[in-house]
Amino acid sequence: MTSHATLIDSSRLAVLRSVHRAHRGAAIDGFLSDRNPARLLRRLSGQADRTLRELWSLAALPSSATLVAVGGYGRTEIFPHSDVDLMVLLAAPAQPATERSIEAFIGACWDAGLEIGHSVRTLAESMSQAAGDITVQTSSMEARYIAGDRALFLRLREGIGRQIDPAAYFRAKMLEMRQRHVKFEDTPYSLEPNTKESPGGLRDLHVVIWTARAAGFGTRWTDLATHGLVTAEEARVLRSVERVVRRIRACLHIASGRREDRLVFDLQSQVASMLGFRDLSARHASEELMQSYFQAAKHVTQLNSILIQNLESALFPRPDSPPEAIDSEFRNLGGKLDAIDPHALGNDPAGVLRAFHALQLHPQVKGFTVPTLRAIWHGRIRIDARFRADPANRALFLDILRHPRGTTRTLRSMNQWSVLGRYLPAFGRVVGRMQHDLFHVYTVDQHILMVVRNLRRFLMDEHAHEYPFCSQLMAAFDRPWRLVIAALFHDIAKGRGGDHSQLGRRDARRFCRGHRIDPDDADLIEFLVEHHLTMSSVAQKQDLSDPAVITRFASLVRTEERLVALYLLTVADIRGTSPKVWNAWKGKLLDDLFQAAKHALDGQVPLADLRVDTLRREARSLLNLHAISEPMYERLWAQLDVAYFLRNDASDVAWHARALHMHVDAAKPIVRARVAPIGEGFQVLVYLPDQPALFARICGYFDSKNLSVLDARIHTTRHGYALDSFLVIDPHEGARYRDILKLVELELAQRLTLRGELPPPGQGRMSRRSRSFPIQPSVELRPDERGQHYLLSLTANDRTGLLYAVARVLARHRVNLYTARVTTLGDRVEDVFLVDGPVLSDEREQLELEADLLAALQP
């Protein structure tokens, strides 16, 4: 671009750039003061108009040319870093002189500080492109005159208007919206929602206005109210939620200094601060911001549903089909539940509850008609304390929870239309509440309903293949609705401060008393809510080979019914946290704890000698299949203590014996690997004369290969050999483990023959989420139940190389490791080690160890 300097004086451009920048800065400063997004958009668009008109006049373009604002700029919706979309419209193809003037104008726009997107078209080209392109039609429909030949602009508007077929346009936009929603996983509740494109974002509002405009219903929410597509109250709510989302999007642009429409982790705290949210004792400011956004997005999806159905009815009137009576209040009208008297329904909150119950009882209806939706949406505000105290309403809500089918669909629909939170105010407080705990990927309300869904799926034959054992247990479990109530309350107290399990138990108790639930059933529900985290904590953080652990857990649950209920709720809860949190190893730990506790409840005392004898018999049976004689492996077993047999199952003991029976006194490292029998990751067995810092060296190798250790079991034989086993996965998924087993065996054996200083740990990579929401690392060291070892518990943000960094500290302080439980919950690690060593008996050295561990855990 070289010619524009000769056509437009550089000093004039400098002045324009300075004025434009000053006015733009003043508009942004004004927004930061009053937080009024509409005023900000008007001021930014108005300043762009003034600058462009000045540049247009300086470029000396022919009088037959027209400058047109299109896209967001056309609707005067410029955010701080939005592109300024322009079209230079010509009556006829440009001559060379006109081309030079256009080139000078475009270059001058950039020089003046305008980030433009532009096109140059003749009227005929514009009409031709719009004929077959819905995007061009939309852009042209929003076109706004800026400068030049106004008559040419009007010809464009009139021509485009004649081309648009409202019905075809509506169909195309609906298809486009569905495809866009699928791209964003069909939910507004993502961790980093796109304020423009995600479901519930600004684009959903644009689609409604575009389709209404194409059909001649107007361009503003008040116009749609005038045409009966929305009520005045609904139009007010639409303006309000549009203002909320616009405000957040504007802050994103300002905070990032670029066109950033996603509420990414890196910016959530900064945007929250800009909008006046503050950290509270129990809630982060960023969580408050996200709840505000999600609630606005939810209103958008609610009202969009009403608007789109109304537009569809107006554009595609259907012949009246005879309704199918359901009861005295409702009927099936075209596959949707229709209130016979919507006005009466809107004034009767009990009718709102009955509408959802009718939806549950009649699975052939798929949703509600628009008049019924509108009555529900307006009637929900009448659900108050008096309504909640009515025994008839309480009985009806319990009927919804107790019904054998459709519970999940009904509760989700009640939540979607803000009825569930009105009936259960404690639930209403967690609607849209994000949990920045590094492992939940759903809002609290969505997580709760996901847990309900998981429990209900255990009852369905079509899902029995997913978790056969859970389905088997659920099939024999009496009154499964008790689990549904426990699921509703297990996280309902999140964000209040204090122990949410205890607070939730109190809420559950009040609910059970108010709804006259049998005391025994209420006792089970309260127990499940209070201890919904206990089983996973014991399974993942305690030594399940210790009979005292099993006895203590069995004493807590007391009955087999409680054990089954807690197991089912725990599996459903973990599965409802994040698709990445559950794995087969965690499933096996829970199964092991369940079976061990069941035996204890059945009166089978968990005696160590009895368990060892049973395990040896099972291992012998497996070894006999490989024709290995008893004397060959008994020589190895003679070197192993009871703790070894208690901490391994029969399959592992047999595999170790097969691998090592010929190498009991091997001088060189023996490394063997196999795909894990539990179906995830692979196991690595290491056997060699014990050496200092062995665990750290092994972890260093896994770290160098970007492999993660889930479980480590460390044993020292009676004749001084280390027999260590590891469960390892590739956290980046997609690994074909069989292809790397031989390589791991070779490389790790070679690595262990080398002595010398341990290499320093790498810096380690953390996820963006961990960087944005760091947790305070913690170290806890306490004696175990018997006082023979110490339990070392670590909590920190996950990062590559973390376990190796910890292992180096333990080696430096000469701490002996017996077991390692490495629990990764999303981006958070909660590791538990069983350790001992002389340093632990010295208070000063113990404090030094804890300080060094904290330093290693720091990002």
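Worth pointing out:
- Aspartates and glutamates whose Cα lies under 15 Å from that of LYS541, excluding same-chain neighbours fewer than 8 positions away: ASP591, ASP592, ASP711, GLU780, ASP784, GLU785, GLU830, ASP831
- For a paramagnetic label modelled on ALA124 (point 7 Å from Cα along Cα→Cβ), amide N atoms under 16 Å away belong, within segment 131-167, to 131, 156.
- Taking a straight Cα-Cα cut-off under 18 Å and skipping sequence neighbours fewer than 8 places away in the same chain, the lysines within cross-link reach of LYS173 are LYS183, LYS196.
- In nm, spacing of pseudo-spin labels at MET174 and PHE469 (7 Å Cα→C-beta vector): 4.7
- The HN-Hα couplings worked out from phi for segment 330-347 by the Karplus form 6.51 cos²θ - 1.76 cosθ + 1.60 (θ = phi - 60°) are 10, 9, 8, 10, x, x, 10, 6, 10, 7, 5, 10, x, 4, 5, 5, x, 9 Hz, whole numbers, x standing for Gly and Pro.
- Along segment 556-564 the Karplus relation, 6.51 cos²θ - 1.76 cosθ + 1.60 evaluated at θ = phi - 60°, assigns HN-Hα couplings of 5, 6, 6, 10, 5, 4, 4, 4, 4 Hz to successive residues, with x for each Gly and Pro.
- DSSP bridge pairs, segment 1-158: antiparallel proportion in percent, nearest 5: 55
- As a length-normalised measure over Cα pairs under 8 Å and 6 or more apart, the relative contact order of segment 87-131 settles at 64 percent.
- 0 to 90° range, to nearest 10: angle between helix 500-514 axis and the chain longest Cα axis: 80
- Rounded accessible area per residue of the chain, 1.4 Å, Å²: 43
- Antiparallel DSSP beta bridges within the chain, percent to nearest 5: 90
- Here segment 387-504 is assigned +1 on the Cβ of each Lys and Arg and -1 on the Cβ of each Asp and Glu. Its dipole about the Cα centre then comes out at about 340 debye.
- Segment 682-754: Rg to Rh, with Rh as the Kirkwood radius over Cα pairs: 0.96
- Using the Cα coordinates of segment 126-268, the gyration tensor eigenvalues translate into equivalent-ellipsoid semi-axes of 28, 19, 17 Å, sorted from longest to shortest.
- Per-atom-type breakdown for segment 207-356 gives carbon and sulfur 47% of the accessible area (1.4 Å probe, protein chains only).
- Ellipticity estimate at 222 nm from DSSP helix runs (n ≥ 4, -39,500 (n - 2.57)) divided over the chain, nearest 500: -17000 deg cm²/dmol
- Efficiency of FRET from Cβ geometry, ILE116 and ARG12, R₀ 25 Å, rounded to 0.05: 0.85
- Dipole of the chain [Lys/Arg +1, Asp/Glu -1 at C-beta], most positive-end residue of VAL68, VAL451, LEU636: VAL68
- Rounded FRET efficiency, nearest 0.05, which uses the C-beta distance separating ARG239 from ALA385 and R0 of 30 Å: 0.50
- The mean sequence separation of alpha-carbon pairs under 8 Å and at least six residues apart, normalised by the residue count of the chain, gives a relative contact order of 7 percent.
- You can think of it this way: the chain between HIS403 and ARG658 has 86.4 nm of extra reach, that is 0.36 nm per residue less the Cα-Cα gap.
- Between amide H atoms placed 1.01 Å from N, distances below 5 Å from PHE330 occur with ILE340, all of them 5 or more places distant or on a separate chain.
- Extension gain for ASP602 to GLU197 (0.36 nm times residue separation, less C-alpha to C-alpha distance): 140.2 nm.
- When its C-alpha radius of gyration is set against 2.2 N^0.38 Å (N residues), segment 236-364 gives a value of 1.50.
- Computed in the context of the full set of protein chains, the accessible area of segment 70-180 at 1.4 Å probe radius has 51% of its extent on carbon or sulfur.
- Three-way shape call for segment 631-703 based on the alpha-carbon gyration tensor, with the a/c threshold at 1.5: oblate
- Remark: the LEU754-ARG21 segment gains 257.5 nm on full extension, using 0.36 nm per residue and subtracting the alpha carbon distance.
- Rg and Dmax of the chain, based on Cα coordinates, read 33.4, 104 Å.
- Karplus-derived 3J(HN,Hα) values for segment 590-602, using 6.51 cos²θ - 1.76 cosθ + 1.60 with θ = phi - 60°, are 5, 4, 4, 5, 4, 5, 5, 5, 5, 4, 5, 5, 6 Hz; glycine and proline are entered as x.
- Three-way shape call for segment 369-421 based on the alpha-carbon gyration tensor, with the a/c threshold at 1.5: oblate
- Segment 278-317 and segment 27-66 have Cα centres lying 30 Å from one another.
- The portion of the accessible surface of segment 422-572 made up by carbon and sulfur, rounded to a whole percent, is 50 (1.4 Å probe; DNA, RNA and ligands excluded).
- Segment 104-189: relative contact order as a whole-number percent, Cα under 8 Å and 6+ apart: 24
- FRET efficiency for the pair LYS742 and THR614, taken as 1/(1 + (r/R0)^6) with r the Cβ-Cβ distance and R0 = 56 Å, rounds to 0.95.
- Label-to-label distance, ALA91 versus THR559, with points set 7 angstrom from Cα along the beta-carbon direction: 9.1 nm.
- Prolate/oblate/rounded call for segment 459-581, Cα gyration tensor, a/c under 1.5 rounded: rounded
- Between helix 741-753 and the chain: long-axis angle, C-alpha atoms, 0 to 90°, nearest 10: 60
The values are calculated or read from the model by the stated rules, or taken from the named source; none is laboratory data. Computed from a predicted model, the values in this text were never measured in an experiment. As a convention, Cβ positions derive from the backbone with ideal geometry for all residues, glycine included, and neighbour counts pool all protein chains shown. Please note that ligands, DNA and RNA were not included when accessible areas were found on the heavy atoms of the full protein model with its side chains. Shrake-Rupley method; radii C 1.70, N 1.55, O 1.52, S 1.80 Å.
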